[in-house]
Every structure is written in structure tokens, then in C-alpha cells.
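Visitor: Structure provided below as C-alpha cells; questions to follow.
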Amino acid sequence: MDEDLSLPDACPGSARELMAAIADAARMACALTDLLTTLRAPTRRLAGTGAAASVEVARRRSEEALLELEIALGDVRAACGRTIRPNG
């Protein structure tokens with residue numbers, strides 16, 4: 001995990017910054033999902049089925065978060081297309 005996973009801007013000042021922040025959050029959710037997927041087997045082996053079940057629940061929730069963020073990103077893009085821009 002050599003990727004830069006710094007937190008996105010929590011106070012975007014424009015639609016473009018908002019899209020970038022949501023896209024960053026989606027990338028983070030994707031990385032978390034991948035990590036939790038990798039941890040399932042070793043967790044089961046080293047800590048038992050209860051811990052593995054908790055990791056699996058966390059993985060599913062991070063996957064759901066990723067899907068919701070992708071929907072939000074599409075909504076922001078659509079809203080930006082409807083924005084009336086000032087002349088000049």
C-alpha cells in the first residue's frame with residue numbers, strides 16, 4: 001500500500017473540489033475493501049471465526065460505502081451539468 005491515502009479536503013469550495021474529494025474517498029474505500037479482503041483468511045487462521053466474521057462485515061460495509069460514493073460522485077457530476085454559470 002504505497003499509495004498516498006491522505007484524507008480528502010473536508011471543506012471543498014467548488015463543485016470540482018467536491019468531485020475530487022468524493023473520488024479520493026472512493027479510492028480510500030476501495031483500498032480498505034482490498035485490504036480487508038486480504039485479511040480474511042489470516043484473521044480466521046490466527047484469531048478464529050468470530051474475528052474473521054467481524055472482518056467480513058467490515059469488508060462488506062466498506063464495499064457498500066464505495067458503491068454509495070460512486071453514486072454520490074455521479075450525482076455531483078449530474079448536478080454540475082445543470083448548474084447555471086454566470087456570463088463573464
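Any read-out appearing in this document is the output of simple, stated calculations on the displayed coordinates, not a laboratory observation. Predicted model, so just to flag it, every value in this text is computed and none were measured. Reconstructed Cβ throughout: ideal geometry from the backbone, glycine too, with neighbour counts over all protein chains shown.
Visitor: Would you pick out the residues in the range 42-56 that are basic (K, R) and surrounded by 15 or more Cβ atoms within 10 Å (Cβ to Cβ)? Break it down stepwise before answering.
Guide: Residues of the range 42-56 that are basic (K, R), as a first pass: 44-45.
Within the range 42-56, just R44 meets the criteria.
Visitor: Could you grab the pairs with beta carbons closer than 8 Å, sequence gap of 6+ or different chains, first residue in the range 26-41 and surrounded by 14 or more Cβ atoms within 10 Å (Cβ to Cβ), second one hydroxyl-bearing (S, T, Y) and assigned to a helix (DSSP H, G or I)?
Guide: A29/S62; L32/S62; T33/S62; L36/S62
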